[in-house]
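Readers should treat all values here as calculations from the given coordinates under stated rules, not as data from a laboratory. Values in this document were obtained by computation on a predicted structure and should not be read as measured data. Note that each Cβ is placed from the backbone with ideal geometry, even for glycine, and that neighbours are counted across all protein chains shown.
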Amino acid sequence: MIRVSLVLSSSSSSRIFVGQETLLSGRSSNTRRSARESGSARGAVSRRDIRGLPPFTFTVTMSVRSFLITGANQGLGVHTVHQLASTPDVLVFMGSRKLAAAEDATSKFASDIHPSSAVVPVQLDITDKESIKNAHDFISGYLQEKNLTGLDVLVNNAAIMVPSFEASYAVNVLGTVAITEAIRPLLNDGGAILNISSKVASMWLWSQTKWRERPIYPAYSSSKCALNSLTLQWAFQEDQKGSGIRVVSICPGYNATNMNNYAGTMDPADGCKVIVQTALDKDGKSGVFFDRNGEIQW
Ligand SMILES: NC(=O)c1ccc[n+]([C@@H]2O[C@H](COP(=O)([O-])OP(=O)(O)OC[C@H]3O[C@@H](n4cnc5c(N)ncnc54)[C@H](OP(=O)(O)O)[C@@H]3O)[C@@H](O)[C@H]2O)c1
């Protein structure tokens, strides 16, 4: 968290910035479309785009914290963005493979966004190097534009659950590594990296006989197990650097989302609460794995 003088480039009624064009939500879809078409195929943004906003209409001084959530256009990700943005003084970068999906999702909770907060959709496919670079450059430019020193929290939420090991590891492990390595230089000391994991990654739980009756997802479970291993490695690394950056693995519980064909028993609006609370917390343990009920054995 830092103390900043934040110049909001928005009219007072509009706090959703449209993707990497950072236009105002109140502008016409044609205006948005032409801005999108004028960018690269992947929606890259330049500082010119940011500066190309309508005149600043007000200046405020506030204590702003910034967040990037990957895979945030649906499921637990979108609820995390919604609930974070409902709190004061937050800037939430909403990662989405398709900008339009993030914009559609955001329009459904626009009226809940706190007057001092903002949501900024960002095109981001964590398996695509160019998309990652564009997202990094965009976020970096945006933070600079707002006189923010960096990003406070990265939520590694994007994932897939499919039988293929190759596809699972490409997103859940290698994609998460790629985005984390790209974004890490932007993270403020004292910030956090939240890896959204799952209890099915717990080797301890699988070693319990009663767990053997559960359906098994070897590619997904083992990819999340690798993610948990990264949580520990990164936590130790940050500890050695003395950055104060916490790295944790969080299980949100079994939620009804696209990932499980909406078979989950929890509402993702509840399941995301442990993610939201941990993201908002300014301190806490690092190198731990937990759900809403407390720590889980690795
Ligand atoms: N649901 C559960 O019961 C449950 C339980 C434990 C853990 N989790 C974890 O919670 C997190 C969120 O899952 P969810 O249930 O909300 O799933 P979801 O509704 O299927 O959402 C997954 C999100 O990840 C995005 N994504 C997939 N591949 C991507 C890529 N290459 N680059 C960027 N984004 C990508 C998807 O984008 P598209 O919309 O473009 O596909 C979507 O936005 C995951 O890490 C999951 O493993 C979920």
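Annotations
- Less than 5 angstrom separates the built amide H of LEU151 from those of LEU187, ASN188, all sequence-distant by 5 or more or on a different chain.
- 17 Å Cα-Cα reach of LYS98 towards aspartates and glutamates, excluding residues that sit fewer than 8 places from it in its own chain: GLU21, GLU37, ASP125, ASP128, GLU130
- Phi-based couplings in Hz for the range 165-172 (Karplus 6.51, -1.76, 1.60; Gly and Pro marked x): 5, 4, 5, 4, 5, 4, 8, 5
- Residues THR149, THR106, ranked from the fewest to the most other C-beta atoms within 10 Å, line up as THR149, THR106.
- Of the residues ILE126, ILE245, the one with the fewest other Cβ atoms within 10 Å heads the list, and the complete ranking is ILE245, ILE126.
- Sorting HIS82, HIS114 from the fewest to the most surrounding beta carbons within 10 angstrom yields HIS114, HIS82.
- R0 of 45 Å, Cβ-Cβ distance GLU166-LYS108: FRET efficiency to nearest 0.05: 0.85
- Loop-located chymotrypsin sites (Phe, Trp or Tyr not before Pro) across the range 219-266 with a Cβ neighbour count of 16 or fewer within 10 Å are TYR254, TYR262, with loop assigned by DSSP.
- Eligible lysines near LYS224 by straight Cα distance, threshold 19 Å, same-chain separation 8 or greater: LYS199
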